[in-house]
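Working notes, structure below.
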Amino acid sequence: MQGLVVLTGILAFVSFKTCGSDLVTESLNKQLLRSAQTAQGLPIPTIFLALRLSSDHNHAIETNYLNRITTDLHNDIQRSLSQSKPVVGLLSQYTMCLLASCTDANSVTFTVNDQSSASLITHLKRQMHKEKESIEYGEKPLSNYFTFSGGILALCLAGVRVNGHLTSHLTAAVHRGSLSDAGVACSTDTLAMAGMALSCEKNAGFYPHHAAALDRAISKIKARLETTRPDFHIGNQYSTPIAVMALVAMGSQKDLSSTLLRLSADAQRGTYQNPRALASALIGLQTKSYLDLKNINCQNEKNNLVLEPAVEVDLVPLPTQKVEVFVEVVKSDQQIQTYTVHVPMGASLLYALELLQAENTAFTFEVEPTQWGPFLSNVNGEHARQSDRRAWLLLSDGVPLSEGINDFKIQRPHVIIIRNNEY
């Protein structure tokens, strides 16, 4: 009977890989290509990584997007470095984009405040050193463990012998269960990124005496991510793609066929509207991970994806039916302020906050643009900055939001709590 169950799972996985998945991945691929072609603002590195990790390509669009990364994003990073802003995340993603395009990251340099130029890798190592010092003196990285793990992963993929203390701090955090992101302990996304970083370090074999600690940490992460919900999601529908990527990178023996079918169904339903989520879904559905960037061969690639002309559609107005949203702001001194606003059903949380601000002068807020969309930075005159180890934690009916404020849609009456959280 056990053999029959295993065989059934294998047959389902093979059927998924050979039939349904091709159409879904092609659709996701084209959505990302469209986004790369039309999106405004700074280019998003994860879009390029997903396009490069795909088996199918449109070289013209990918090349144009890479040019935007090496100019617009490069210049933005250089400005941030000149202002002494932390940019570990962008430096890591930029490094991986160069690797994905078969470009030596050491050949890319930044000149900061008219000083002598230094390579991208050198700047990334310097910023990771600051992260390390923050852990040693403040018990937490300057950024967060997701970004810290991404820095280790980028250096490892680039063939750099990562400072052994960086890896030790990450494995120790895994064993202590102290990975956190904006006050939410051990998020699935953070565990997944840590799993990929540690797997890369293990495969690199730079520190044989760390092998046992690496194995224990990877096993602990693997056990957490192999625990699926009854609907076969890992964490939630938005964290499932990166969790699949991590399990693939860690060499998990778990049968992922049901989770991949669920991921495919989510993609077909249009669950992943945010381009970053689309990118993770495309990589996960192809059972790949960021570790596969080391295997990219830029020669003799297929150039087979044709993007059809965009079809203009009339925008559908928001429904006239309105729903009540109760907003509770909890400031750092635990002072609570409450508001009510009525918004059209289907409006985004960002729209709801904008409408509340327009209707009630006692409520104000500001956002900062990030790679993941608008980031809530100031509410009622109080900042919650990453540099202060604080973030605005948003909850809907007591549950932390898994989407950004521009992606979360109001479909029914909600209680939204906005809390200034230390992490």
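The values are calculated or read from the model by the stated rules, or taken from the named source; none is laboratory data. Note that this is a predicted model, so its numbers are computed, not measured. Using ideal geometry, Cβ is built from the backbone for each residue, glycine included, and neighbour counts are taken over all protein chains shown. Heavy atoms of the whole protein, side chains included, go into the accessibility calculation; ligands, DNA and RNA do not. Shrake-Rupley method; radii C 1.70, N 1.55, O 1.52, S 1.80 Å.
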Quiz item: Rolling a 1.4 angstrom probe over the protein heavy atoms, how many square angstrom per residue are accessible across the chain?
Solution: 47
Exercise. Can you send over the solvent-accessible area of residue 126, 1.4 Å probe, protein chains only, in Å² to the nearest 10?
Key: 130
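Per Stokes-Einstein, at 37 °C and 0.692 mPa s, what whole-number D in µm² s⁻¹ belongs to the stretch 137-263, with the Kirkwood radius over Cα pairs as the hydrodynamic radius?
224
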Quiz prompt | Gyration tensor over alpha-carbon atoms, the chain, equivalent ellipsoid semi-axes in Å | solution = 32, 28, 24
Quiz item: Going down the table (85/125; 132/254; 85/132; 140/220; 254/288; 202/254), which pairs top 23 Å between alpha carbons?
Solution: 132/254
Quiz prompt | Dipole-positive endmost among 265, 346, 40 within the chain (Cβ charges, Cα centre) | solution = 265
Self-check item: Part-to-part distance (alpha-carbon centres) for the stretch 236-265 and the stretch 52-87, which is given in Å
Solution: 27
Exercise. Could you tell me whether the stretch 46-195 comes out rounded, prolate or oblate from its Cα gyration tensor? Rule is a ≥ b ≥ c as square roots of the eigenvalues, rounded for a/c under 1.5, then prolate if a/b exceeds b/c, otherwise oblate.
Key: oblate
Exercise. Note down the relative contact order for the chain as a percent, whole number, built from C-alpha pairs under 8 angstrom at least six residues apart.
Key: 16
Quiz item: Do you know the relative contact order of the stretch 196-297, to the nearest whole percent, from alpha carbon pairs under 8 angstrom that are 6+ apart?
Solution: 30
Quiz item: Extension gain residue 366-residue 342, at 0.36 nm per residue separation less the Cα-Cα distance, in nm?
Solution: 6.6 nm
Self-check item: Phi-based couplings in Hz for the stretch 124-135 (Karplus 6.51, -1.76, 1.60; Gly and Pro marked x)
Solution: 5, 4, 5, 5, 5, 5, 5, 4, 4, 5, 5, 5
Self-check item: Residues whose placed amide H lies under 5 Å from that of residue 235, excluding near-sequence neighbours
Solution: 229
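At a Förster distance of 30 Å, what's the computed FRET efficiency of residue 333 paired with residue 139, Cβ-Cβ distance as r, to 0.05?
E(calc), rounded to 0.05, equals 0.80.
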Quiz item: About the Cα centre of the chain, what is the dipole size in debye to 20, counting +1 per Lys and Arg Cβ and -1 per Asp and Glu Cβ, all else neutral?
Solution: 1040
Quiz prompt | Of 102, 253, 74, farthest towards positive along the dipole that unit charges on Lys, Arg, Asp, Glu beta carbons give the chain | solution = 253
